Each structure stands twice: as structure tokens, then as C-alpha cells.
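Accompanying notes for the structure given below.
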Amino acid sequence: AWQQVGLASPWALALAVALWPANMGLEVAKWSILKAHHVPTTGNASPWREVLVGQTAALLAPTRLADGAGRLVAWQTDQRHGAVAFGWGAAAQGWATWTMAVPALVIAGLPWPAVALGAACALAARLSFRTPAHRTVAGLSLMRFAVFALQCLACLVAFGALMPGDAVVHGYPRIAAMWCALASIPWPVELGAREWMATLAFDERLPSVVMGMLALWLINRAFSAFAGWACFVQDSFKWRHG
């Protein structure tokens, strides 16, 4: 793919990179709210550091559970309540994934499935997110999915898998379908699944899809993991020489 594909739209790749702080910032905001809500005392730990260390753990282990484990290791305070907080965050993001499929169904010309799914998501939100903190986290999860979807579409446009004018109409429904399918896989499974689903959803331009998904992985996962590793090394240095 590297030999066959060139960078078709540099501006799109720059957009995906520029959205990284928004993506991670929304996750940090969610984590901060959930910690304050579920944990009696949160201590002085930085939520940015905890989320980034969680990204490092998620890179090293093939399960989504590694993200939460990494955050709790970085925090080292009241980990039982911290695990509950992480679980609520994951549940909210899963709900947001299915909710954001509603406009995708509308774009794809499927209004009645969109109505049915929208009603199911609304009922789930009504029954699950009963506190102001959980409702706020659910709203932030919707925003984070929108940012991530824009990053994904931008990376696909950047390497020619999608034309800019087709990104919303032909791209977004496929992105939503990919992540709903991923959410339907048994929860701990993740390693390679999203990339495989992308090749199924955009198989007509396979080398470009491979490069686009690699770029997305480098921006959101590898860069975040490197930042988390730097935080971990810095803290270890302070502990040894403090």
C-alpha cells in the first residue's frame, strides 16, 4: 500500500491531526466527570496523564480492557471505584456509537430503521443515564464519536479512498456501520478488528483504505500511546530521583 498510494489531499491529513486534541480532550473531560462522580476522593492525579497512560496500555495489549487497566495503574487511588467510572464511560461511548448510526441510516435512505434505532437509543438513554454526570458524559461521547468519524473520513480522503464530495454521503454510513459491527463483537476483542472491517466497507480502493487506516492508527493510538509512555517515564524518573 505504501508503494502504491500517495498523499492525495494533504489538507485532509492535517485536519485529522489537528482534531487529535479534541478527540483526546473529550475523553479526558469524560474521565474527569466520571471520577468526580464515582470516587469519593480523586486525589491530585492528572486526568490527561491517566488517559494517555491508558492509551499506552491499550497499544500493548489486544483488548479494550487494557485502556481502563492503564488508567487505574496510573492513578493508584481507589481503583475499585475507578473501574466503575471507566465502565460507565465505556457504556456511554458504546451507546453513542449506536446513536450516531441514526443519521447514517437517514443518509443511506433508510428512514424507518433510523426511527426504530433512534427510539431504542432514546429509551436506553432514559433508563441508563439518570444522573447529570452520566447525561453529560453521554453528550460528550456523542461529540467524541463525531470528531473521530471526521478524523476517519479525513484520513480516507487524504489517501484517495474517498473523494471529498463523497465523504458524508458515501463515507459516513460505512463508518457508522463499521463501528456498530465492532461494538457487536464480544467486548474485549479489538486488535485488528477495526482495520479488517474498514477493508470490507471500502474494498473498492483497498490500498488507499489501508494507508488511511494506518494514518488514523498512528494519529490516535500510536501518538497517544507515545505521549502516555513519556508521562510514565517522567513519573518514574521523578520517583527515583525525587
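Quick notes on this structure:
- Exposure ranking of 203, 166 by accessible area [1.4 Å probe, largest first]: 203, 166
- Placing a pseudo-label 7 Å from each Cα along the Cα-to-Cβ vector at residue 107 and residue 203 gives an inter-label distance of 2.2 nm.
- In the context of the full set of protein chains, region 105-211 has a per residue accessible area of 49 Å² (1.4 Å probe).
- Answer label for mean projected area of the Cα convex hull in nm² (calculated), chosen among [x] 16.1; [y] 16.8; [z] 14.1: [z]
- Global geometry of region 122-231, whether rounded, prolate or oblate, following the gyration tensor of its Cα atoms and the 1.5 cut on a/c: prolate
- Between residue 84 and residue 120, the simple label model (points 7 Å from Cα in the Cβ direction) yields a spacing of 2.9 nm.
- A protection proxy built from the mean count of other Cβ atoms within 10 Å ranks the segments 4-10, 212-218, most packed first, as 212-218, 4-10.
- The chain - percent of accessible surface contributed by carbon and sulfur, probe 1.4 Å: 70 percent
- Binned Cα-Cα distance frequencies in region 92-149 - 10 Å width, integer %: 25, 51, 23, 2
- Listed peptides 129-136, 80-87 by packing density, highest first (mean Cβ within 10 Å): 80-87, 129-136
The values are calculated or read from the model by the stated rules, or taken from the named source; none is laboratory data. Remember, predicted model here, so these are calculated numbers, not experimental data. We place every Cβ from the backbone using ideal geometry, glycine too, and count neighbours over all the protein chains shown. We work out accessible area using only protein heavy atoms, side chains counted, and drop any ligands, DNA or RNA first. Shrake-Rupley method; radii C 1.70, N 1.55, O 1.52, S 1.80 Å.
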